[in-house]
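Please treat every number below as a calculation from the coordinates, not as lab data. For clarity, every value in this text was computed on a predicted model and none was experimentally measured. Note that we place each Cβ from the backbone using ideal geometry, even for glycine, and neighbour counts take in every protein chain shown.
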Amino acid sequence: MVIDTRHDHSFRVPRPDLSIKLGTPNACNDCHTDKSAEWAASSIEQWFGPKREGFQNYAEAFHAAWTDQSDAAKLLAAVAADQGVPAFVRASVLTELSSRRSPSNISLAQPGLADPDPEVRIGALDMLQGIPATQLWPFVSTLLSDPSRGVRLRAVALLADIPSQGLTTADREKFERVGEEFVAAQRLNADRPEARSALGHFYAQRGHPSEAVAEYKAALKLSPQYAAAAVNLSDLYRELGRDNDGEGILRRAITASPQDPGLHHALGLVLVRLNRRDEALDEFRKAVELEPDQARYAYVYAVGLHSSGRQSDAIKILKDNLSRHPADRDILLALINFNRETGDLSAALKYAEQLAAVEPTNQDLANLVQELRRQNEKP
């Protein structure tokens, strides 16, 4: 038996102290099932002292991220910068930072793109998801020549919407060569809906809508339950001005997967654009009921309620969800604005201060806090 360098198969120091704090399992209580984690932690401390060394120094960062804590980005950034952490952990941290990207941590992607381990390079590319390709090209395009095929394919997918006319002949040829490699990889797995959907997304970004529609439909033919293809096809129809077709796609997908919250949420967005707001609110509500921990669903539902004149219901939805996601920027901003509209300036100030603790370098937010404090002090 050997250590597989591609993955982490090592045995680690048991950490029942983390079981107490985070609810994670530990090797001690896997055997001593009649004992508590507190008993195991106390025993280990008696044997090895309170400051024993262990390698699991990243569990708290992931727990903070998965429970949406205000210090999640800071903890993840510390793990990403620690070269002593296994590569697959740093890759996972960089991917996790994609939704918490900020001017203070985006610099972590740069060394990640040059990391010796291809998993970390892919994680760094994941972190940059959503940034316009024109901004990414100067430092991501070099990975189109990466020795790892996985890195090359992730890079070309990230740069898919780069305008070809703005590239030099050499750069265009390099991009098209890796683009063909990406297409071939998806064709090799054409019996899988994930591959057909990925190819559809690539074609959509490259400005080939008819080919994209064909691939999304092929994915749904392979698996009518594959919600990602239905949502992406509906969004493509939105760009083409065909929301009625998008509605049909989503309703058929909901018939196949009625408990998928993402489908109901996407249908709600389509119905808003079709000016059928009452129906849209029903779909947003279903999405929240099916997945109450998804902050985005609650936020969109609350905005819909607010637009319908149901301010108190909107604020209640946001407050309930804030308890699960205390650092969510959109929810906090909505609570600030909605409470200001209703005249509850003390509540608006409370949420502004909570958001300021999450974004301490945001000067606009600091100014808003000062303004709300002045307004609260007025008789």
Item to complete: Name all residues of the range 334-355 having a backbone nitrogen under 17 Å from the label point set 7 Å from the Cα of R373 along its Cα→Cβ direction, giving them as ranges.
Response: 345-355
Practice prompt. Would you please name the GluC sites (Glu not before Pro) within the range 15-122 that are DSSP coil residues with at most 11 other C-beta atoms within 10 Å of their C-beta?
Written response: E53
Discussion item. Can you give me the distance in nm between label points at E353 and A366, each placed 7 Å from the Cα along the Cα-to-Cβ direction?
Written reply: 1.7
Worksheet, complete the sentence: Computed from the beta carbon distance with a Förster radius of 30 Å, FRET efficiency for D293 and E45 to the nearest 0.05 stands at 0.30
Fill in: Longest site-free stretch - the chain; sites: chymotrypsin sites (Phe, Trp or Tyr not before Pro), DSSP loop, at most 15 other Cβ within 10 Å
56-379
Worksheet item: Mind checking which lysines have their C-alpha under 24 Å from K319, skipping anything on the same chain fewer than 8 residues away?
Response: K286, K350
Worksheet entry | Net charge over other residues, Cβ less than 12 angstrom from the Cβ of R177 (K, R count +1; D, E count -1) | -2
Discussion item. With a 10 Å cut-off between alpha carbons and a GNM built on the chain, which of L345, L355, L322 moves the most?
Written reply: L345
Worksheet item: What is the extension gain from A59 to N244, computed as 0.36 nm multiplied by their sequence separation minus the C-alpha to C-alpha distance, in nm to one decimal?
Response: 62.0 nm
Fill in: FRET efficiency estimate (nearest 0.05) - Cβ-Cβ, R252 to A81, R0 51 angstrom
0.65
Discussion item. Within 13 Å, Cβ to Cβ, of H265, how many net charges do the neighbouring residues add up to if Lys/Arg are +1 and Asp/Glu are -1?
Written reply: -3
Practice prompt. Go ahead and set up a Gaussian network model of the chain, Cα springs under 10 Å, then flag whichever of A230, A253, A357 fluctuates most.
Written response: A357
Response to the item:
Neighbours of R121 by Cβ distance under 9 Å: Lys/Arg at +1, Asp/Glu at -1, summed charge -3
Item to complete: Subtracting the Cα-Cα distance from 0.36 nm times the residue separation, let me have the gained length for V13 to D282 in nm, one decimal.
Response: 91.9 nm
Response to the item:
Note on the range 315-379: alpha-carbon gyration tensor, axes a ≥ b ≥ c; rule is a/c under 1.5 for rounded, else prolate if a/b larger than b/c, else oblate; result oblate
Item to complete: Using R₀ = 25 Å, calculate the FRET efficiency as 1/(1 + (r/R₀)^6) where r is the Cβ-Cβ separation of D171 and A214; round to 0.05.
Response: 0.30
